[in-house]
């Protein structure tokens, strides 16, 4: 564990808390994409199967369970809890995630896992782990699309996405740190490439976020 | 033991 990873994980937890708070305080789901969180739930459920096979640390296990439970709670709140449920606009959150996210990532993961380990080294848990890495890299897309449609970004919504992006950025620093200071450390290029791609998706958002913070004005996205 | 990037992370 290093400071970048811990800060990254905390930023992720904070982002989830901000979103849950935002849903409860504002009592609406305007500008929030439930599809992004459904994708994250798939990511966590497929990646954290190692909860049953490998024990890393108590911290690691607790955080995994926390991510699964809190993400499920976000989805439940938006889809089933009134009055929030009736404010959720399905027609604005229409990213075709099976066709454009889940299926392509499943194909890509199958191909790269088979190339990497061959038929003899095939492992279903490993395949799902690789799939989750690919899927996480684009899971924020539905949220960014919804944001673009609403254009005016509500304060807490902006903060929740900011901390989500900060989490990914801090993970890049964490890998640089680990590569330099950890013995027995092995690179994993799929993890790195997906991590960088995921961070790049936030760049545009960061630009307008900081611009609005600097001017102290309202946060709106350009058309 | 060797540790691979991503494997022991969240």
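A short reminder: the numbers here are calculations on the coordinates, not readings from a lab. Fair warning: this is a prediction, and the values are worked out from it, not measured in the lab. All Cβ positions, even for glycine, are placed from backbone atoms using ideal geometry, and neighbour counts span all protein chains on display.
Between residue A:96 and residue A:148, the simple spin-label model (points 7 angstrom out along Cα→Cβ) gives 1.6 nm. So, R0 is 25 Å and r is the distance between the beta-carbons of residue A:82 and residue A:45; what FRET efficiency does that work out to, to 0.05? Efficiency at R0 = 25 Å is approximately 0.40.
With the convex hull drawn over the C-alpha atoms of chain A, the volume per residue is 134 Å³.
With respect to chain A, whose longest principal axis is taken over its alpha-carbon atoms, helix A:3-26 is tilted by about 30°. The distance linking the stretch A:1-78 with the stretch A:156-223 is 16 Å (Cα centroid to Cα centroid, whole angstrom).
For a footprinting-style exposure proxy, rank A:211, B:7 by other Cβ within 10 Å, fewest first. Numbers along the way, then the final one.
Details: A:211 11, B:7 14.
Taking fewest neighbouring Cβ atoms as first place, the list is A:211, B:7.
Every helix of 4 or more DSSP H residues in chain A counts as -39500 (n - 2.57), and over all residues that averages to -24000 deg cm²/dmol at 222 nm. Enter the angle in degrees (range 0 to 90, nearest 10) between the Cα long axis of helix A:155-181 and the first principal axis of the Cα atoms of chain A, meaning the one along which they spread out most. Computed tilt is about 20 degrees.
Alpha-carbon geometry of the stretch A:1-89: the Rg and the Dmax are 14.5, 43 Å, given in that order.
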